[in-house]
Amino acid sequence: MKHGLQQPSWQTRLHNTLDAPYMQKLNAFLQNEYATGKVIYPKPEHIFQALNTTPFDQVKVVILGQDPYHGEGQAHGLSFSVPVGVAVPPSLKNIYKELHDDLGITIPNHGCLEFWAKQGVLLLNSVLTVEQGKAASHQNKGWELFTDKIIALLNDEKEHVVFILWGAYAQKKGASIDGSKHLVIRGLHPSPLSAHRGFFKQHYFSQTNAYLEKHGLETIDWSLPEYGQTTLF
């Protein structure tokens with residue numbers, strides 16, 4: 001598992017963490033799951049995709065998710081994102097609706113958020129793996145401690161990061177973020193189960209860019225390029 005983290009600025013900061021006893025225990029658990037033939041998402045090479053795509057030094061925004069999608073072909077290591085060609089999940093559809101309402105951005109024909117990640121948006125799940133068809137199956141195995149460390153590093157070592165925390169789970173995980181040096185935006189989760197209670201019309205994306213601009217940082221282009229492959233809604 002350790003070799004899956006390729007990005008140097010994260011490797012330097014997390015090297016010792018990856019050797020911690022709880023991570024060794026987590027690695028043993030995952031190896032056993034693979035050995036018994038269970039299907040685990042995302043693919044091993046994508047487990048650390050969020051960190052590998054968005055270097056520590058470039059992080060300007062964090063969008064915190066819970067655990068990976070557990071359907072076939074969905075998870076690819078970025079929170080709320082799915083590969084091009086995979087049907088856009090309901091929560092992401094609601095994020096797109098809010099994005100359109102907030103900034104007038106055309107809703108894309110796919111669910112891949114890699115374009116955001118490459119601009120400094122860390123799309124981080126709290127738990128980085130899941131068993132096929134079993135939501136939350138890898139919770140409380142050690143991943144939460146690892147991603148708490150990531151959030152603590154960003155909180156302590158950087159300034160003016162925007163943390164977008166959708167839902168009670170993300171808000172609890174981000175409770176220790178220093179609001180005097182970062183912007184913490186809280187909202188309801190975009191899931192259809194909760195979005196109708198107040199997720200919409202909160203202007204998360206324009207708030208983020210206004211804050212970044214205020215502090216002399218380059219804003220995020222929230223539009224997403226079309227990839228020429230229509231998703232199956």
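Checking each residue in the stretch 98-130 for being open to solvent by 50 Å² or more (accessible area, probe 1.4 Å) and aliphatic (A, V, I, L, M) picks out L103, I107. Of the residues making up the stretch 137-174, just one is of a type in the set (S, T, Y), open to solvent by 10 Å² or more (accessible area, probe 1.4 Å) and part of a helix (DSSP H, G or I), namely Y169. Mind checking whether some residue in the stretch 117-136 is at pLDDT 95 or above and assigned to a helix (DSSP H, G or I)? So far as the stretch 117-136 goes, yes, one or more of its residues are at pLDDT 95 or above and assigned to a helix (DSSP H, G or I). For the stretch 60-87, taking the residues that are touching a Leu at 6+ places or on another chain (Cβ under 9 Å) and among the β-branched types (V, I, T), the one that is nearest to Q207 (Cα to Cα) is identified as V61. Scanning the stretch 200-223 for residues that are hydroxyl-bearing (S, T, Y), closer than 17 Å to D101 by Cβ and assigned to a helix (DSSP H, G or I) yields a count of 3. Residue-level check: of (1) open to solvent by 10 Å² or more (accessible area, probe 1.4 Å); (2) among the hydroxyl-bearing types (S, T, Y); (3) part of a helix (DSSP H, G or I), Y69 misses just (3). Looking at the stretch 76-91, is at least one residue part of a helix (DSSP H, G or I), surrounded by 14 or more Cβ atoms within 10 Å (Cβ to Cβ) and in contact with a His (Cβ under 6 Å, 6 or more places away or on another chain)? No, every residue in the stretch 76-91 fails to be part of a helix (DSSP H, G or I), surrounded by 14 or more Cβ atoms within 10 Å (Cβ to Cβ) and in contact with a His (Cβ under 6 Å, 6 or more places away or on another chain).
Check the stretch 171-194 and report whether any residue there is at pLDDT below 95, over 20 Å from L113 (Cβ atoms) and not β-branched (V, I, T). Within the stretch 171-194, one or more residues are at pLDDT below 95, over 20 Å from L113 (Cβ atoms) and not β-branched (V, I, T).
The values are calculated or read from the model by the stated rules, or taken from the named source; none is laboratory data. The structure presented is a predicted model; accordingly, all values stated were derived computationally and were not measured. Virtual Cβ from ideal backbone geometry, glycine too; neighbours counted across all protein chains shown. Heavy atoms of the whole protein, side chains included, go into the accessibility calculation; ligands, DNA and RNA do not. Shrake-Rupley method; radii C 1.70, N 1.55, O 1.52, S 1.80 Å.
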